[in-house]
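The values are calculated or read from the model by the stated rules, or taken from the named source; none is laboratory data. Values in this document were obtained by computation on a predicted structure and should not be read as measured data. Note that we place each Cβ from the backbone using ideal geometry, even for glycine, and neighbour counts take in every protein chain shown.
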Amino acid sequence: MAVIVDAHGVILNANPGFERYSGHPRRAMVGRRLTCLDVDPLHGDISRALAHCVARRTSWQGALLCRRADGQPVHQQGVFQPLETWPGEPLRLLVTLQDITDLHQSAQHDHAELERLEGMLSGLPGVVFQLCETARGDLAFHYLSDGLQALAALSSRTVMESAESLLARVHAEDRGALTTSLAQSAVSLDPWTLEFRLDTSDGIRWVEVRATPRRGPDGVTEWDGVMLDITTHKREEQRTRRLVSTDMLTGVLNRRAFFDFGEAVRAHAARQGRSVPLAMLDLDHFKTLNDTHGHAAGDLALQVFATTCRDCLRPYDLFARIGGEEFAILLVDTSPEAAWAVLERLREAVEAIELDVKGELLSLTVSLGLAVIPPQGSLEFALSQADRALYRAKHEGRNRLASAPGYPEPQERTGT
């Protein structure tokens with residue numbers, strides 16, 4: 001509907017649609033103020049729109065909440081336009097109103113549905129996201145659910161403004177894998193799946209991402225997916241792996257784990273054309289200690305021995321219990337020549353052990369056999385060579401280090 005009003009909002013004329021949309025007789029409304037249609041005639045939306053146009057002599061448009069003659073509220077899209085006048089003529093305004101009640105109700109319904117959906121997403125144990133990569137390789141998050149705050153202590157708004165605020169928290173060792181897997185998914189359009197770590201103020205968090213890509217216009221790639229916090233699962237997985245791979249008495253690797261990890265070390269060294277030193281260890285006179293002082297003393301001796309050996313080695317060297325009192329060592333990134341000195345220091349540390357068993361001080365010694373896994377050799381064969389060298393160390397008097405045939409060794413190779 002359309003009406004013409006003066007500078008005070010008094011209706012001068014109205015078109016035939018006025019009565020149909022407002023419910024008021026058109027002729028009866030001439031001479032009345034337009035604000036009578038407002039739900040708040042004194043301070044409502046129509047009053048503000050009129051004041052704007054009169055004061056600035058510019059048009060105004062926006063949504064208005066009005067009331068029909070029967071009292072029913074209606075939402076109107078209003079346009080208030082000052083009309084050109086001759087000098088000295090009073091200001092007049094053309095006001096057009098379009099009923100948008102249905103559109104408003106639909107928008108309210110959509111907004112309520114959106115809030116409901118947002119509430120559902122925020123309650124999920126993860127983060128729903130949409131990630132975009134431009135043809136130039138720039139990354140941006142178009143959407144992130146509120147679960148991001150719990151996962152990474154970052155607000156969704158912050159990360160949508162700068163994807164780097166989240167990507168910078170990816171653990172340094174995992175950034176390469178993330179970049180590579182994302183690039184592969186962008187090229188092949190295969191689903192993107194990855195497990196990686198985030199550095200947060202609460203410590204390391206493990207995250208699993210699952211997303212489906214699609215190609216958009218201008219070479220843009222978009223992923224719709226979810227990030228799940230799998231920290232608890234990973235910790236339980238690591239705990240289970242430790243239990244499966246650890247000797248329960250001494251806390252070092254067991255035989256199975258030694259062969260599993262040892263094969264990985266051997267394969268890595270083989271690719272670089274390097275040899276890997278390997279040693280077999282056996283506590284001297286352990287059976288006598290067990291028979292004389294009991295199994296509890298024997299268990300204590302094994303535990304103290306294992307701790308002493310572990311302290312003499314680097315964290316990434318492999319140390320395992322592969323039999324009763326038999327142990328094995330794989331020295332990572334160590335030359336055959338340097339390995340001898342490492343094991344000699346270990347032998348001396350064991351020799352210095354004093355074990356208090358019911359007030360009696362017992363000493364321990366160890367015999368060692370040293371071999372090497374050549375670049376194309378096998379772990380099993382090298383272990384058998386180390387075992388033969390260990391037998392020779394026992395035969396030559398114990399408390400000493402002996403090497404397999406062909407292994408470089410210094411002149412002094414016996415203990416006291």
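Some notes on this structure:
- Residues in segment 274-311 that are touching a strand residue (DSSP E or B) at 6+ places or on another chain (Cβ under 8 Å) and more than 20 Å from Leu368 (Cβ to Cβ): His293, Ala297, Leu300.
- Any hit, segment 403-414, residues being aliphatic (A, V, I, L, M), over 18 Å from Ala264 (Cα atoms) and either at pLDDT below 95 or surrounded by fewer than 21 Cβ atoms within 10 Å (Cβ to Cβ) (or both): yes
- Selection of helices (runs of 4 or more DSSP H) fully inside segment 151-255 by the criterion of at least 3 residues being within 22 Å of Leu139 (Cβ to Cβ) returns 156-161, 164-167, 175-188.
- Of all residues in segment 200-219 being exposed (fewer than 14 other Cβ atoms within 10 Å of the Cβ) and touching a strand residue (DSSP E or B) at 6+ places or on another chain (Cβ under 8 Å), the one that is nearest to His171 (Cα to Cα): Ile204
- Among the residues making up segment 1-52, those that are charged (D, E, K, R) and surrounded by 17 or more Cβ atoms within 10 Å (Cβ to Cβ) are Glu19, Arg26, Arg33, Asp38, Asp45.
- Val332, sole failed condition from (1) within 43 Å of the chain's Cα centre (by Cα); (2) among the aliphatic types (A, V, I, L, M); (3) surrounded by fewer than 19 Cβ atoms within 10 Å (Cβ to Cβ); (4) more than 28 Å from Leu243 (Cβ to Cβ): (4)
- Looking at Pro277, Pro336, Pro375, just one residue is touching a helix residue (DSSP H, G or I) at 6+ places or on another chain (Cβ under 8 Å), modelled with pLDDT under 95 and either of a type outside the set (D, E, K, R) or over 30 Å from Pro405 (Cβ atoms) (or both), and that residue is Pro375.
- Residue under evaluation Gly324, criteria (1) closer than 20 Å to Arg400 by Cβ; (2) without any contact (Cβ under 8 Å) to a residue 40 or more places away in the chain; (3) of a type outside the set (Phe, Trp, Tyr); (4) in contact with a Leu (Cβ under 9 Å, 6 or more places away or on another chain), criterion not met: (1)
- Residue in segment 359-372 that is nearest to Arg400 (Cα to Cα), counting only those that are in a loop (DSSP other than H, G, I, E, B) and in contact (Cβ under 8 Å) with a residue 60 or more places away in the chain: Thr365
- Which listed residue, of Gln108, Gln149, Gln130, is outside the structural domain of Leu178 (by TED's automatic domain parsing) and either at pLDDT 80 or above or more than 35 Å from the chain's Cα centre (by Cα) (or both): Gln108
- Test: residue in segment 358-365 that is modelled with pLDDT of 95 or more, surrounded by fewer than 22 Cβ atoms within 10 Å (Cβ to Cβ), on the phi < 0 side of the Ramachandran plot and under 45 Å from the mean Cα position of the chain (by Cα): no
- Restricting segment 250-273 to residues that are more than 32 Å from the chain's Cα centre (by Cα) and surrounded by 14 or more Cβ atoms within 10 Å (Cβ to Cβ), the residue that is farthest from Val372 (Cα to Cα): Thr250
- Restricting attention to segment 1-52, the residues that are within 60 Å of the chain's Cα centre (by Cα), among the hydrophobic types (A, V, I, L, M, F, W, C) and more than 16 Å from Leu94 (Cβ to Cβ) total 4.
- Exclusive hit being assigned to a helix (DSSP H, G or I), over 27 Å from Asn399 (Cβ atoms), assigned by TED's automatic domain parsing to the domain that holds Tyr391 and touching an Asp or Glu at 6+ places or on another chain (Cβ under 9 Å), set Ala301, Ala269, Ala264, Ala306: Ala269
- Residue match in segment 291-298 (condition: within 41 Å of the chain's Cα centre (by Cα), more than 23 Å from Ser384 (Cβ to Cβ), crowded, with 20+ Cβ neighbours inside 10 Å and in the same structural domain as Ile373 (by TED's automatic domain parsing)): no
- Selection status of Leu12, modelled with pLDDT of 90 or more and outside the structural domain of Leu144 (by TED's automatic domain parsing): yes
- Within segment 1-38, the set of residues being among the hydrophobic types (A, V, I, L, M, F, W, C), touching a Lys or Arg at 6+ places or on another chain (Cβ under 8 Å) and within 16 Å of Gln77 (Cβ to Cβ) comprises Met1, Phe18, Leu37.
- Qualifying residue in segment 53-76 (condition: surrounded by fewer than 14 Cβ atoms within 10 Å (Cβ to Cβ) and aromatic (Phe, Trp, Tyr)): no
- Ala349 satisfies every condition listed in (1) crowded, with 19+ Cβ neighbours inside 10 Å; (2) assigned to a helix (DSSP H, G or I); (3) in contact (Cβ under 8 Å) with a residue 40 or more places away in the chain; (4) not aromatic (Phe, Trp, Tyr) except (1).
- Yes/no for Gly225 being touching a residue at least 40 places away in the same chain (Cβ under 8 Å), farther than 30 Å from Ser188 by Cβ and of a type outside the set (Lys, Arg): no
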